Amino acid sequence: VGVRLLAALARAPGPMSLSELSAKTSMSPAKVHRYMASFVETGMVDHRRSGAYSLGRLAGEIGMAAISRVDVVNRAADRLPDLVEQTDANGMLTVWGLNGPIVVRWERSRVPLATVLGVGSTLPIATTATGRAFASYLPDRVVGPLLAEETRHDPVDLATLRAVDNDGVIFRADELFMPGAYSLARPVLNYDGTAMAVVTLISADRRLIKSGGLPERALRDFV
């Protein structure tokens with residue numbers, strides 16, 4: 001029962017009220033409240049001033065610990081500082097979460113970049129190189145529903161998105177998500193050809209996305 005409630009919080013795009021949790025899980029508000037009170041005490045759930053509930057610090061620690069135990073992701077994270085040093089670009093490692101790409105490692109370069117991105121940030125699919133890399137290497141059933149929700153006001157077809165500005169391995173974004181920022185991404189593939197993670201370089205220098213440039217060569221060698 002408790003896992004059903006935690007799963008509902010994890011899959012929601014934001015904090016949920018008691019009534020929303022009750023409706024989502026088909027439990028009475030009183031029953032939900034008892035579980036939430038226990039989860040808040042343990043740190044699994046955060047009870048906000050608005051009265052809404054969201055996943056808490058302990059839930060975050062458990063999630064990050066689970067991610068860190070995936071060997072492919074762990075190896076990429078360990079090597080990310082070297083890639084940043086080599087390219088002078090900021091480095092980001094993302095995995096696919098319940099609401100899309102989520103940042104699990106962020107490495108700053110010596111060249112400053114004004115951004116609110118950091119560990120725990122969730123990225124859009126359609127407007128980022130990272131999102132398109134995942135979209136090209138994950139099944140339709142995984143990406144399709146989230147993409148449809150994200151682009152509901154201006155629908156984007158998944159097949160069309162997969163054909164945008166990529167050679168099937170390197171994905172580029174030109175100020176689509178963050179003004180003044182350019183990004184270059186490449187997926188880290190599992191044995192079955194699906195994306196376990198995506199490594200992304202981000203810079204305010206447009207030369208980052210130049211075809212055949214040093215950052216691209218470094219990223220190809222990295223993965």
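Of the conditions (1) in contact (Cβ under 8 Å) with a residue 12 or more places away in the chain; (2) open to solvent by 60 Å² or more (accessible area, probe 1.4 Å), Leu93 clears all except one; give me its number.
Looking at each condition in turn, Leu93 falls short on (2).
Between Arg162, Arg207, which is surrounded by fewer than 13 Cβ atoms within 10 Å (Cβ to Cβ) and more than 17 Å from the chain's Cα centre (by Cα)? Even if it seems obvious, please write down each step before you answer.
Values: Arg162 fails: surrounded by fewer than 13 Cβ atoms within 10 Å (Cβ to Cβ).
Step by step, each of Arg162, Arg207 is checked, and only Arg207 is surrounded by fewer than 13 Cβ atoms within 10 Å (Cβ to Cβ) and more than 17 Å from the chain's Cα centre (by Cα).
Here are Val198, Val188: which of them is open to solvent by less than 50 Å² (accessible area, probe 1.4 Å), modelled with pLDDT of 90 or more and in contact with a Ser or Thr (Cβ under 7 Å, 6 or more places away or on another chain)? Spell out the reasoning first.
Numbers: Val188 fails: in contact with a Ser or Thr (Cβ under 7 Å, 6 or more places away or on another chain).
Answer to the selection: Val198.
In the range 55-83, how many residues are open to solvent by 10 Å² or more (accessible area, probe 1.4 Å), more than 17 Å from Thr194 (Cα to Cα) and either in contact with a Pro (Cβ under 6 Å, 6 or more places away or on another chain) or among the hydrophobic types (A, V, I, L, M, F, W, C) (or both)?
Adding up the residues that qualify gives 8.
Can we say Thr160 is polar (S, T, N, Q), over 23 Å from Leu219 (Cβ atoms), modelled with pLDDT under 90 and out of contact with any Cys (no Cβ under 6 Å at 6 or more places or on another chain)?
Numbers: polar (S, T, N, Q): yes; over 23 Å from Leu219 (Cβ atoms): yes; modelled with pLDDT under 90: yes; out of contact with any Cys (no Cβ under 6 Å at 6 or more places or on another chain): yes.
The answer is yes for Thr160.
Condition first: over 10 Å from Leu5 (Cβ atoms), of a type in the set (A, V, I, L, M) and surrounded by 13 or more Cβ atoms within 10 Å (Cβ to Cβ). Now tell me which residues in the range 27-49 satisfy that.
Residue satisfying the conditions is Val40 alone.
Is it the case that Pro13 is open to solvent by 30 Å² or more (accessible area, probe 1.4 Å) and under 25 Å from Leu146 (Cβ atoms)?
Details: open to solvent by 30 Å² or more (accessible area, probe 1.4 Å): yes; under 25 Å from Leu146 (Cβ atoms): yes.
So Pro13 passes the test.
Can you confirm whether the range 115-138 contains a residue that is within 21 Å of Asp221 (Cβ to Cβ) and open to solvent by 50 Å² or more (accessible area, probe 1.4 Å)?
For the range 115-138, residues within 21 Å of Asp221 (Cβ to Cβ) and open to solvent by 50 Å² or more (accessible area, probe 1.4 Å): present.
How many of the residues making up the range 60-90 are touching a residue at least 24 places away in the same chain (Cβ under 8 Å), among the β-branched types (Val, Ile, Thr) and over 16 Å from Asp205 (Cβ atoms)?
Looking only at that region, the number is 4.
The values are calculated or read from the model by the stated rules, or taken from the named source; none is laboratory data. Computed from a predicted structure; not experimentally measured. All Cβ positions, even for glycine, are placed from backbone atoms using ideal geometry, and neighbour counts span all protein chains on display. Heads up: the accessible areas ignore ligands, DNA and RNA and are worked out on the full protein's heavy atoms, side chains in. Shrake-Rupley method; radii C 1.70, N 1.55, O 1.52, S 1.80 Å.
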